[in-house]
Amino acid sequence: MSELTFEQMLEDTIKTIHSGDVVEGTVIDVKADEIVLNIGYKSDGILTKNEYTNDSSVDLTAVVKPGDVMEVKILKVNDGEGQVVLTYKRLAADRGNKRIEEAYNNREVLKATVVQVLEGGLSVIVEEVRVFIPASLVADTYEKDLNKYMGREIEFVISEYNPKRRRYIGDRRQLIVARKAEMQRELFERIHEGDIVEGVVKNVTDFGAFVDLGGADGLLHISEMSWGHVEHPRKVFKVGDKLNVLIKEINGSKVALSLKFEDENPWRDAAEKYAIGNIVKGRVARMTDFGAFIELEPGVDALLHVSQISREHVEKPADVLHIGEEITAKIVDFNEVDKKISLSIKAMALSAAAQDDAEGMPVDENA
């Protein structure tokens, strides 16, 4: 029997590999653009950055270190220079395909970081498999700028799985819709008319503000923003403001809100403050041809008729008054049911004149 040479014994201890084999290797060196692995073969395996990941921003030296054990796939046994060419991402992609297929079949919610913002949507990577989320499936409302999602981890489900065409479509929208529906259900089980709840201003329009109650939006109409006059909602509120609002009415999925709390109602003690004969001060809030409306306090306006502005004839209120001017007048009528108050400067002037005349009359010593 002939003895084996050292080279023959060495070859017997070295395993045989073929393209497509999955092998285990130990990292012996990490460079900026490649990883070198000992795979138990006569030549070391070379794993380039492009065959490690699809993410070009990855720093190999930060994610792999000497001594790490990795499973890789053989691409070429000999690249022409005696080196074995390896791939990690294709092995991961094979496994990723199975992972996505399972998620698709089970309607599983996946999480992944957005790695690219495209004109028509977002791109994420799940175990080295690229999944595309169209813009229409990113949210339940139109998103003008998708760049805010770059680098963010998002949740989605696989709505289309076609490995032959390598077409994997993600859907984030249906998750948002489902969650909002659940939040809405929980909200309407919790709230009742008359409750005071916290909300956040979501949108401001000419006629009011929409307030997010955490599951549904409520409308805070301009007429319910204050007991006083509100010129425009945007002068009072901005998007993001937190409010404690009163649930005024619930009609199906519509919620009407109010900031007119009863304990702040200026008409509660108005009968005493604005009794007929009382002298009051107020500010000219607005004017018409027939008179001026005087704000006595926020939520309480009174009419100063043009005929009651002066003892002299006044053609139009604007001839003698201006917006914002403070005036003093006498209450001549109070209607609590209709919340109407009438004022008169003329009556106050006449009363003063009558008092002056009375004080100026000679005293009758024979009386």
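The values are calculated or read from the model by the stated rules, or taken from the named source; none is laboratory data. Model, not experiment: these values are computed from the prediction. A quick note on method: Cβ atoms are made from the backbone with ideal geometry, for glycine too, and the neighbour counts reach across all protein chains shown. Side chains included, ligands, DNA and RNA excluded: accessible areas come from the protein's heavy atoms. Shrake-Rupley method; radii C 1.70, N 1.55, O 1.52, S 1.80 Å.
Figures for the structure shown
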| read-out | value |
| --- | --- |
| Angle in degrees between helix 89-106 and the longest Cα principal axis of the chain, rounded to the nearest 10 | 50 |
| Cα-centre dipole for the range 151-295 with unit charges at Cβ (Lys and Arg positive, Asp and Glu negative), debye to 20 | 1020 |
| Within the accessible area of the range 77-219 (1.4 Å probe), percent carbon and sulfur | 46 |
| Which of Trp267, Leu137, His322, positive extreme of dipole for the chain (C-beta unit charges) | Leu137 |
| Relative contact order [Cα under 8 Å, 6+ residues apart], the chain, whole percent | 8 |
| FRET E, pair Thr16, Lys65, Förster distance 30 Å, beta-carbon r, rounded to 0.05 | 0.55 |
| Summed residue charge, Cβ within 11 Å of Val284's Cβ, Lys/Arg positive, Asp/Glu negative | -2 |
| Whole-Å distance, taken between Cα centres, linking the range 114-153 and the range 262-299 | 57 |
| Inter-label distance for Ser57 and Ile327, nm, one decimal - labels placed 7 Å from Cα along Cα-to-Cβ | 6.6 |
| Rounded accessible area per residue of the chain, 1.4 Å, Å² | 61 |
| Alpha carbon Rg of the range 255-346, scaled by the compact-globule rule 2.2 N^0.38 Å | 1.14 |
| Ratio Rg/Rh, restricted to the range 160-259 and using Cα atoms, in which Rh is the Kirkwood radius | 1.19 |
| Given charges at Cβ of Lys, Arg, Asp, Glu: the chain dipole, positive-most of Gly121, His229, Thr53 | Thr53 |
| Of all DSSP beta bridges in the chain, antiparallel share, percent nearest 5 | 90 |
| Most to least packed among 248-260, 209-221, 57-69, 229-241 [average Cβ atoms within 10 Å] | 209-221, 248-260, 229-241, 57-69 |
| Burial order of peptide ranges 109-121, 32-44 (average beta-carbon count within 10 Å, highest first) | 32-44, 109-121 |
| Positive minus negative residues near Arg173 (Lys, Arg vs Asp, Glu; Cβ under 14 Å) | -2 |
| Per-selection Rg to Rh, the chain - Cα, Kirkwood hydrodynamic radius | 1.40 |
| Amide H contacts under 5 Å for Gly208, placed H, 5+ residues apart | Ile222 |
| Debye-sum result for the range 194-335 in log10 I(q)/I(0), which assumes one identical scatterer on each alpha carbon, at q = 0.10, 0.13 Å⁻¹ | -0.46, -0.70 |
| Square roots of five times the Cα gyration tensor eigenvalues for the range 77-194, Å | 37, 16, 12 |
